[in-house]
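Throughout, read-outs are computed from the coordinates displayed, never taken from laboratory work. Here the structure is a predicted model, which means the values were calculated and not measured. Heads up, the Cβs are rebuilt from the backbone with ideal geometry, glycines too, and the neighbour counts pull from every protein chain shown.
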Amino acid sequence: MNQSPINYLDPEGLVTRPLEEGEIQTIDVDSLVNKINANENLQLLNVMDPKDYDLGSIRNSICIPLTELEARIKELDDTREVVTFCKGYGHGEAKKAAMNLELLGFKVFVYEGGFTEWRDLGYPIELLESAA
């Protein structure tokens with residue numbers, strides 16, 4: 001099947017072409033902790049809506065809301081692995097961001113447990129200023 005050129009984000013922040021199941025890799029909390037502790041050259045990308053910033057974020061993450069990803073893509077290094085996360089499991093922002101980054105050639109994983117799981121397990125967080 002021929003794919004036409006894509007505009008990787010539409011106005012709702014959705015991928016403009018369907019991806020096959022399994023194209024985006026996920027990572028669990030234990031694997032993420034191991035990568036962080038091994039000092040891997042990793043970029044943690046928080047794509048939560050700024051109104052949720054008062055919850056905090058995983059320490060040392062880059063905060064780029066999904067709706068701003070296209071405009072701010074140059075803030076990410078495409079030679080380094082990216083792990084996307086959002087508020088928690090069932091919130092699709094992290095998966096949408098990962099799909100878009102994958103289409104641009106980034107090596108990307110989705111941390112499905114998200115910030116809520118990370119915080120609830122007692123891992124280090126940092127406080128952010130809420131945009132609300």
Exercise. What's the exposure ranking of Thr116, Thr84, going from fewest to most Cβ atoms within 10 Å?
Worked result: Thr116, Thr84
Exercise. What does the charge count near Thr116 come to, summing +1 for each Lys or Arg and -1 for each Asp or Glu among other residues with Cβ under 12 Å from its Cβ?
Worked result: -2
Problem set entry | Segment Asp49-Leu127, length gained on full extension (0.36 nm per residue, minus Cα span) | 26.6 nm
Exercise. Where the centre of each part is set by its Cα atoms, how far does the stretch 30-44 sit from the stretch 77-126, in angstrom?
Worked result: 12
Exercise. Which order do Tyr53, Tyr111, Tyr89 fall in if you start with the one that has the fewest other Cβ atoms within 10 Å?
Worked result: Tyr89, Tyr53, Tyr111
For this session: Could you line up Glu40, Glu129 from fewest to most neighbouring Cβ atoms inside 10 Å?
Result: Glu129, Glu40
For this session: Consider a paramagnetic label point 7 Å from the Cα of Lys107 along Cα→Cβ; state which residues of the stretch 22-63 have an amide N under 12 Å from it.
Result: 40-43
For this session: About the Cα centre of the stretch 25-126, how large is the charge dipole given +1 on each Lys and Arg Cβ and -1 on each Asp and Glu Cβ? Please answer in debye to the nearest 20.
Result: 80
Exercise. Calculated FRET efficiency, Glu40 and Thr67, Cβ-Cβ r, R0 35 Å, to nearest 0.05?
Worked result: 0.80
Seminar exercise, completed: Descending packing, highest mean Cβ count within 10 Å first, for 95-103, 62-70 is 95-103, 62-70
